[in-house]
Amino acid sequence: MLELNDVHSSIGKHEILGGVSLRIEEGELVCLLGANGAGKSTLFKTIAGLIRPWRGEISFEGEVISRKSPDRIVRRGISLCPEGRKLFPRLSVRKNLMMGAYTRYRDKKEVAETLREVYDLFPILEERSEQDAGTLSGGEQQMLAIGRALMCRPRLLLLDEPSLGLAPLVVKKIMETIEDINRRGVTVFLSEQNAGMALAISVRGYVLENGRMVLEGKASELAGNEEVKKAYIGA
Amino acid sequence: MSFFLNQVIIGIQLGSQYVMVALGLTLIFGILDISHFAHGHLYMIGAYLLYMVMVLGGVNYWLALFICMAALALVGMLVERAVYRPLRGQPQINTFIAAIGLILMLETLVRGIQPKALSVPKPIDKTLSFGGISMEVQRLIVIIGAILLITALQLFIKRTRLGTAIEAVAQDREGASLVGISVNRISALTFAVATALAAAAAVFMAPLAFISPEMGGVLILKAFVIVVIGGLGSIKGAIAGGYILGLLEALAIAYVSSAYKDVFAFAVLIVILAVRPTGLFRGRD
Ligand SMILES: Nc1ncnc2c1ncn2[C@@H]1O[C@H](COP(=O)(O)OP(=O)(O)O)[C@@H](O)[C@H]1O
Ligand SMILES: [Mg+2]
């Protein structure tokens, strides 16, 4: 479904991704492990079109997307829930979600259905629907960010460190919801620094170090790998 | 007492003009982080276009209002595309220099074609009086026209998908791109709306004063004072700040001295910023 071929990306004059290749099949839940600064966010931003790769190719469902603008990529069916959430702090929860469906304004009825699904996934968002996004707690903001990313009905959801800075209980709830989203047919690519939970819900994983993929394998194999254990599970 | 009330009406009318110009500036600042110093000169172009369409072309005033707003909306988009967009992401000073260049170009162009100040007739040349207050109908047109347009703008931003997208881009540009909003399109839209508002202000004001190539200069400085007083990027702040400045100025002209009326705005700026350094409202709401 998604294929990266030798992708190189730079921020300013610094090369951050030095030739990344990967492949994600439809329906999979794949995780991307890497320490702080490894380039996970840069990789996601590159897929989402916020950063143009200067070499290599990204294709989605057989079509090359590496030169498309972010709004075109959203319309093709890829949605990024970014690190730092990037919510609209002084818009209400409901308006944030509706902006998530910005590209789908023609089918009002379907948007209302998706909104219903997101509220069912995260009932707290419905309770707080008229509150400004900036007034939510960290966990609620993360739920809103995921909800907003789902509003465009993506076929591929990119989640950049959704557990960052959250209490363990909230992380557990979010991981369960991610599994649930994947079961409903959305392909998920998830980045994490703490590999434990991510590997537990994934089928496959990649390990990124200094902008290069150093390992790739089934989640169970990675979870048993000594180096991965040492570096990312803290065992 | 009636003298005082007359001054208040003049103040509200001055304030109406300021709000219409300052709203555009604050929208553009909120969304693009640029100080669009050439906005006052686009206002001036609006006034000259009114002269061409109405006086030279013989078109009815109200139809001319729509023509000027539509034409200046296009000019605004052109300015965004040709002047500001290529400079996005570059140091502020580059944008500043580009704006100054545009100001000089527009002013020189207009002065080259028509160096004399011109006047535009009032569409309804009457004066209403009641209870000792007398008011030219044109002043009423400015006041009511501004209220209608400000309300329309508020409804557009709060109630429509595109209006909310303007707020979204102002609040988080990257977040806006990620939900599929094209920041370029929203920038163009914002310039169109802002410049159409300035054109409306020019059309309303033109029959009350002479039009001249430098008419936008002092106005833009005052509009910036309002944007700063109101809290950079705040819509509510621009509305409150504009009316406050208009009222204070009208009263200062009447009771202090008309010679210093333009200095007054800056005195107000210094006092307000000393008391509330972030302005009356928080920006970008
Ligand atoms: N705006 C930036 N300018 C320069 N370097 C950056 C910028 N953003 C990130 N980097 C660098 O890029 C590398 C990868 O960053 P990032 O993709 O955020 O990693 P991760 O998400 O894995 O923590 C880091 O070394 C970081 O210092
Ligand atoms: Mg990151």
Check off (1) open to solvent by 50 Å² or more (accessible area, probe 1.4 Å); (2) modelled with pLDDT under 95 for residue B:78 and give me the number that stays unchecked.
(2)
The stretch B:82-136: number of residues that are of a type in the set (D, E, K, R) and surrounded by 13 or more Cβ atoms within 10 Å (Cβ to Cβ)
6
Among (1) within 16 Å of ligand 2 (Cβ to nearest atom); (2) exposed (fewer than 15 other Cβ atoms within 10 Å of the Cβ), residue A:6 falls short only on (1)
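Conditions tested, residue by residue: (1) touching a residue at least 60 places away in the same chain (Cβ under 8 Å); (2) within 25 Å of residue B:48 (Cα to Cα).
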| position | (1), (2) |
| --- | --- |
| B:101 | no, yes |
| B:114 | yes, yes |
| B:149 | yes, yes |
| B:155 | no, no |
Tally, over the stretch A:11-34, of residues that are near ligand 1 (Cβ under 9 Å from one of its atoms), more than 14 Å from chain B (Cβ to nearest Cβ) and touching a residue at least 24 places away in the same chain (Cβ under 8 Å)
4
Subset of the stretch A:89-127 [surrounded by 19 or more Cβ atoms within 10 Å (Cβ to Cβ), away from chain B (no Cβ under 11 Å) and in a loop (DSSP other than H, G, I, E, B)]:
A:122
Just a yes or no: is a residue in the stretch A:33-48 in contact with a strand residue (DSSP E or B) (Cβ under 8 Å, 6 or more places away or on another chain) and away from ligand 2 (no atom under 16 Å from the Cβ)?
no
Please name all residue pairs, on different chains or six or more residues apart, with Cβ atoms under 7 Å, provided the first residue is in the stretch B:190-203 and is in contact (Cβ under 8 Å) with a residue 40 or more places away in the chain and part of a helix (DSSP H, G or I) and the second residue is of a type in the set (Phe, Trp, Tyr) and crowded, with 24+ Cβ neighbours inside 10 Å.
B:198/B:43; B:201/B:43; B:202/B:43
Which one is nearest to ligand 2 (Cβ to nearest atom) among residues in the stretch A:21-32 that are out of contact with any Lys or Arg (no Cβ under 7 Å at 6 or more places or on another chain) and open to solvent by less than 30 Å² (accessible area, probe 1.4 Å)?
A:31
On the given criteria, is residue A:43 under 14 Å from residue A:158 (Cα atoms), within 16 Å of ligand 1 (Cβ to nearest atom) and of a type in the set (A, V, I, L, M)?
yes
How many of the residues in the stretch A:47-57 are open to solvent by less than 70 Å² (accessible area, probe 1.4 Å) and more than 20 Å from residue B:179 (Cβ to Cβ)?
2
Search result, residues across the stretch B:210-264 that are open to solvent by 30 Å² or more (accessible area, probe 1.4 Å), small (Gly, Ala, Ser) and in contact (Cβ under 8 Å) with a residue 60 or more places away in the chain
B:254
Given the criteria basic (Lys, Arg), over 19 Å from the mean Cα position of the chain (by Cα) and either surrounded by fewer than 17 Cβ atoms within 10 Å (Cβ to Cβ) or within 13 Å of ligand 1 (Cβ to nearest atom) (or both), does residue A:72 qualify?
no
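The values are calculated or read from the model by the stated rules, or taken from the named source; none is laboratory data. Bear in mind the structure is a predicted one, so any value in this text is a computation, not a measurement. Because the Cβ atoms are built from the backbone with ideal geometry, glycine has one as well, and the counts that use them run over all protein chains shown. Keep in mind that these areas ignore ligands, DNA and RNA; they rest on the heavy atoms of the full protein, side chains included. Shrake-Rupley method; radii C 1.70, N 1.55, O 1.52, S 1.80 Å.
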